[in-house]
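Written out below as structure tokens is the structure these notes cover.
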Amino acid sequence: MPGVKETSNSDRSPIYQIMIEGYLDACWSPWFDNMTVTCGNSDEGSPITTLTGPIPDQAGLRGILCKLWDLGLILNSVIRLT
């Protein structure tokens, strides 16, 4: 609506946690908009990489998901933390 200012937390980008199968080296962080890249294992023991960080909008989220797709990585989950 014209003249109405959004009152949400539009000044801060929401934090997302994206989990993918396999190990992704931390050197990929700049390619994923400087998200934090951490590796570990799932509850079943398979390798998991977690990307965590702010993503300003849905277009940014789609861009990161497209990069994962382009690398042929398998997406496990996307969680909006804030």
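For region 30-54, a tally of residues being aliphatic (A, V, I, L, M) and closer than 11 Å to ILE64 by Cβ returns 2. Restricting attention to region 20-37 and to residues that are of a type outside the set (Gly, Ala, Ser) and over 12 Å from the mean Cα position of the chain (by Cα), the residue that is nearest to LEU73 (Cα to Cα) turns out to be GLU21. Note on region 25-55: residues that are in contact (Cβ under 8 Å) with a residue 40 or more places away in the chain and either open to solvent by 90 Å² or more (accessible area, probe 1.4 Å) or in contact with a Phe, Trp or Tyr (Cβ under 6 Å, 6 or more places away or on another chain) (or both) total 1. Checking each residue in region 33-74 for being touching a helix residue (DSSP H, G or I) at 6+ places or on another chain (Cβ under 6 Å) and either at pLDDT below 95 or part of a strand (DSSP E or B) (or both) picks out VAL37, LEU51.
The values are calculated or read from the model by the stated rules, or taken from the named source; none is laboratory data. All values derive from a computational prediction rather than experimental measurement. Quick reminder, even Gly has a Cβ in these numbers, built from the backbone with ideal geometry, and neighbours come from all protein chains shown. Heavy atoms of the whole protein, side chains included, go into the accessibility calculation; ligands, DNA and RNA do not. Shrake-Rupley method; radii C 1.70, N 1.55, O 1.52, S 1.80 Å.
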